[in-house]
1. What are the pairs with Cβ atoms under 8 angstrom where one residue, in the stretch A:257-275, is more than 8 Å from every other protein chain (Cβ to nearest Cβ) and aliphatic (A, V, I, L, M) and the other, located anywhere, is open to solvent by 20 Å² or more (accessible area, probe 1.4 Å) and assigned to a helix (DSSP H, G or I)? Sequence gap at least six, or different chains.
2. Hey, among A:A313, A:A300, which residue is farther than 30 Å from B:R256 by Cα and part of a strand (DSSP E or B)?
3. With the condition being on the phi < 0 side of the Ramachandran plot and surrounded by fewer than 22 Cβ atoms within 10 Å (Cβ to Cβ), I'd like the strands (runs of 3 or more DSSP E) fully within the stretch B:7-90 carrying at least 3 qualifying residues.
4. Every residue in the stretch B:122-141 that is closer than 17 Å to B:R204 by Cβ and not aliphatic (A, V, I, L, M), please.
5. Could you say which residue among A:L235, A:L209, A:L202, A:L278 is more than 9 Å from every other protein chain (Cβ to nearest Cβ), touching a helix residue (DSSP H, G or I) at 6+ places or on another chain (Cβ under 7 Å) and either in contact (Cβ under 8 Å) with a residue 12 or more places away in the chain or open to solvent by 20 Å² or more (accessible area, probe 1.4 Å) (or both)?
6. Name the residues in the stretch B:141-162 that are within 13 Å of another protein chain (Cβ to nearest Cβ), open to solvent by less than 70 Å² (accessible area, probe 1.4 Å) and not in a loop (DSSP other than H, G, I, E, B), would you?
7. Residue check, A:G279 against (1) at positive phi; (2) assigned to a strand (DSSP E or B), all met but one. Which one?
8. Give the residue, chosen from B:V225, B:V218, that is in contact with a strand residue (DSSP E or B) (Cβ under 6 Å, 6 or more places away or on another chain), more than 7 Å from chain A (Cβ to nearest Cβ) and assigned to a helix (DSSP H, G or I).
Amino acid sequence: MSDANESILRVEGLRTWYPIRRGLLRRVVGHVQAATDVSFEIAPGRTLALVGESGCGKSTVGRSILCLENPQEGRVEFEGRDLLSLDATSLRAARQRLQIVFQDPMASLDPRMRIRDQIAEGMHSFGIGADEAERTARVAELLERVQLDPRTMDRYPNEFSGGQRQRICIARALAVEPRLIVCDESVSALDVSIQAQILNLLRRLQEELGLSYLFITHDLSVVRYLAHEVAVMYLGRIVERGPTERLFAHPAHPYTRALLAAIPSIDPARRGEAPPVLGDVPSPSRPPPGCHFHTRCPVAMERCRREAPPMFAIEGGESRCFLSEAPGRAD
Amino acid sequence: MSALLEVRDLRTVFPGEGGPTPVVDGVSFDLDRGEVLALVGESGSGKSMTAFSILRLVPKPGRVVAGSVRLGGEDLLGLSVTAMRRVRGRRISMIFQEPMTCLNPVVRVGEQVVEAIRLHEDVSRADARDRTRALFAEVGIPDPEARLDAYPHQLSGGLKQRVMIAMALSTRPEMLIADEPTTALDVTVQAQILTLLRELQQSRGTAILLITHDLGIVNELADRVAVMYAGRLVEIAPRVPLLTEPLHPYTQGLLRSMPARGRPGEPLPEIPGVVPRASEWPRGCRFSTRCPVRFEPCAETYPAESHPAAGRRVFCHDVERRLPSEGAR
């Protein structure tokens, strides 16, 4: 067991690009630069939210951590071991403690299988539970944990509502006793009232079981509740990282400020504010030179068009913006 | 002056195992000229089906079985199919969530708008193209001349939605139905489209029936808000009182459960339970199975409409019993 100040997951310099192939010889003509130089860590029992708009690479990072993609560079250290260098057998063993919950529970559940069998499937694979009776008891316990009636375990997914199905997916992830769960847009498809239920459930499970979450989402307003730390991505790069409270109160990067300002507010006094940035997100296969955000940045300088900013340490985190550079400390 | 659109006791059903299942059940509201009314609700609330019922586009085997829909005094439910087709497109236009489902991928976008104009008006191709170019400029498409000849896949999501808006406005409709118009867009692009819709609404005076699940979008665009739950209207109020002093327990719960309203570090106030299926709807108030303030009559009888303040309508026994008796109609 690692102690509290050690990280359970440490991602370092991760790069995952997808080749674009054209023509008869399927020659590589370019790359979708999905994730570049991505680094972060998550401590046991903590939540990091990875936030950004479509094409920012947040899901690629999640999939790379689970080794569902083949990163070209970097390390994914989980419980002290680099997953990217493990052989298939060791990787499989490590995966038990690293689970994922997707956005659409209907797509990740088998409609023809009783939910008890889906929840118990991972237990079989990893040899959890001595016999059928023990596994059934554990399925019942898991369903109770996610606040579903254990008597419904013989039902099929279509007999449950969207929110209940997401609870089933969470129970299935918990069945193999993970330490870290990657939640990829896990509450994004849910109605507001159900979203609140699932967010509260995830938080309670974290407190009870000491789980860590990598919470991937496009919705900044949701992460405020769950995340201890936030990393904001734009076109394949993390542009700002820091504790949730600081990031919401004093966003350092112009893109973080834009993302926060763009959330439609339910405060009647805040209506009709001008859109914080113009235009669309450029394609990750042809990201702009220099700082990727300069084409939409309201405070872009000449330098930003030519030079890609490195990460600068700021109070409470880091920011990939020349304006975050401490004066007289250029490096 | 009477309202532009008057919907009365609208009822739309789908055949179900235990007989016809209502998806819209006794819904009545007005939309004034130049007004933005938001129909708000979660999935299954009947908000989109209400819009489809108004347009007479309810997918089969569903059908409108009762009520009336009047546009400028004319009953739309009684029109012939041909006459109704003229209403759609010419007097009422639509914007949907996913622009790609409405744009033809193999036709240049300018041409698609030109066709839409010429379908409804007797104008030359050149005139229609001039008008399309002006519309593209009006909806903020940069370099409109060049974009006329673009195919949909060459445009970003935000630009495609702008083309859809240009097409919807091309026939100068009196009313626009916008069904989750920004849900598929990134949040920074959504902010731009919301601003555009508000500016166009003000400059053109087009009435908008906005269908959305997002109370933030309601705050950005709506003048009035109608909240739906399980096929029924539960509350109608102007925007500000609805957001600041909601009266129906469902509206209250919905606002409280929004992450933006709560305090970081504390659990979000939830609405317990799930929306019941139509086959399990209680006889009385549909929200009574989840309501924190329910009492005896709630499960048995549907609450009558009360008018707690000017312009406000609420369907709730608890609100009714706390009103001074002359407050109820």
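The values are calculated or read from the model by the stated rules, or taken from the named source; none is laboratory data. Given the structure is predicted, the values throughout are model-derived calculations rather than measurements. Heads up, the Cβs are rebuilt from the backbone with ideal geometry, glycines too, and the neighbour counts pull from every protein chain shown. Heavy atoms of the whole protein, side chains included, go into the accessibility calculation; ligands, DNA and RNA do not. Shrake-Rupley method; radii C 1.70, N 1.55, O 1.52, S 1.80 Å.
1. Pairs that qualify, where the first residue is more than 8 Å from every other protein chain (Cβ to nearest Cβ) and aliphatic (A, V, I, L, M) and the partner is open to solvent by 20 Å² or more (accessible area, probe 1.4 Å) and assigned to a helix (DSSP H, G or I), are A:L260/A:F248.
2. From the options A:A313, A:A300, the qualifying one is A:A313.
3. B:19-31, B:63-71
4. B:R131, B:T132, B:F136, B:E138, B:G140
5. A:L202
6. B:G157, B:G158, B:L159, B:K160, B:Q161, B:R162
7. (2)
8. Among B:V225, B:V218, only B:V218 is in contact with a strand residue (DSSP E or B) (Cβ under 6 Å, 6 or more places away or on another chain), more than 7 Å from chain A (Cβ to nearest Cβ) and assigned to a helix (DSSP H, G or I).
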